[in-house]
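A.B. asks: Let me give you the structure first, and then I'll get to my questions.
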Amino acid sequence: MVKIDLRKTEPEDVHLIRELQSYGLPDSLIQLAYDETIRRREEGTDNDGT
């Protein structure tokens, strides 16, 4: 099970988690990706490195 923080999670995050689960990725890997996404968002760094 992927644990999410509802205060920090955006609708697109939930969509991505569900999509990754549908591909059969392990929850531990999805959790790492989610945690990194939240960390970058909090730091003000988006996915393209800017």
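The values are calculated or read from the model by the stated rules, or taken from the named source; none is laboratory data. Since the model is a prediction, treat every value here as computed from it, not as a measurement. For neighbour counting, all protein chains shown are included, and Cβ atoms are generated from backbone atoms with ideal geometry for every residue, glycine included. When the accessible area is computed, the model is the full protein with side chains, heavy atoms only, and any ligands, DNA or RNA have been set aside. Shrake-Rupley method; radii C 1.70, N 1.55, O 1.52, S 1.80 Å.
A.B. asks: Those residues that are surrounded by 14 or more Cβ atoms within 10 Å (Cβ to Cβ) and among the hydroxyl-bearing types (Ser, Thr, Tyr), I need them from the stretch 1-28; list them, please.
C.D. replies: Thr9
A.B. asks: Hey, another quick one. Residue check: is Gln31 at pLDDT 95 or above and open to solvent by less than 70 Å² (accessible area, probe 1.4 Å)?
C.D. replies: Working: at pLDDT 95 or above: yes; open to solvent by less than 70 Å² (accessible area, probe 1.4 Å): yes.
Criteria met by Gln31.
Okay, residues lined up against (1) among the charged types (D, E, K, R); (2) touching a Cys at 6+ places or on another chain (Cβ under 9 Å); (3) in a loop (DSSP other than H, G, I, E, B):
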{"position": "Met1", "(1), (2), (3)": "no, no, yes"}
{"position": "Leu6", "(1), (2), (3)": "no, no, yes"}
{"position": "Thr9", "(1), (2), (3)": "no, no, yes"}
{"position": "His15", "(1), (2), (3)": "no, no, no"}
{"position": "Gln21", "(1), (2), (3)": "no, no, no"}
{"position": "Leu25", "(1), (2), (3)": "no, no, yes"}
{"position": "Arg41", "(1), (2), (3)": "yes, no, no"}
{"position": "Thr45", "(1), (2), (3)": "no, no, yes"}
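A.B. asks: Can you give me the number of residues within the chain that are over 11 Å from the mean Cα position of the chain (by Cα) and among the hydrophobic types (A, V, I, L, M, F, W, C)?
C.D. replies: Qualifying residue count, the chain: 3.
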